[in-house]
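Derivation of every value follows stated rules applied to the coordinates shown; laboratory data play no part. Source: prediction; values computed, not measured. Because the Cβ atoms are built from the backbone with ideal geometry, glycine has one as well, and the counts that use them run over all protein chains shown.
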Amino acid sequence: MLAVYIAVIVGEGNNSIAEVAPWALLMTIPTVLASLSVLVREVRLARGMLIGAAALFGLVGALGILTIGIGFLLAAAAAVIATTRLSS
């Protein structure tokens, strides 16, 4: 979804990088958290990272519900499912 967002913004051609960077960063943080949680061996830390990613995905999804929010809400659901599937 981040790539779609950047492609749409670049395609419009009337937005500066300063306007887009905070939103792109807000979209990147949960993606990195969820991705890094795979590498963590400690279950509690991985679960915390996934919960944080789910919360941020949900926030971005709610803020962008009229444009790209559905994809982020699906990512939030996937992070929640991954959290519940972690073995203790």
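Counting only other residues whose beta carbon sits under 15 Å from that of residue 49, what net charge do I get with K and R as +1, D and E as -1?
+3
Just need the relative contact order of the chain here, percent rounded to a whole number, with Cα pairs under 8 Å and 6+ apart.
26 percent
Per DSSP H run of at least 4 residues, take -39500 (n - 2.57); add these up for the chain, divide by its residues and hand me the 222 nm value, nearest 500 deg cm²/dmol.
Mean residue ellipticity at 222 nm (helix-derived): -26500 deg cm²/dmol.
Work out, step by step, the length gained on full extension between residue 77 and residue 8: first 0.36 nm times the residue separation, then minus their alpha carbon distance; give nm to one decimal.
Gain on stretching residue 77 to residue 8: 22.4 nm.
By how many degrees, between 0 and 90 and to the nearest 10, does the Cα long axis of helix 17-36 differ from the longest principal axis of the chain?
Tilt relative to the chain: about 20 degrees.
Among 75, 34, 18, which one shows the highest mean-square fluctuation when the chain is modelled as a Gaussian network with alpha-carbon springs under 10 Å?
18
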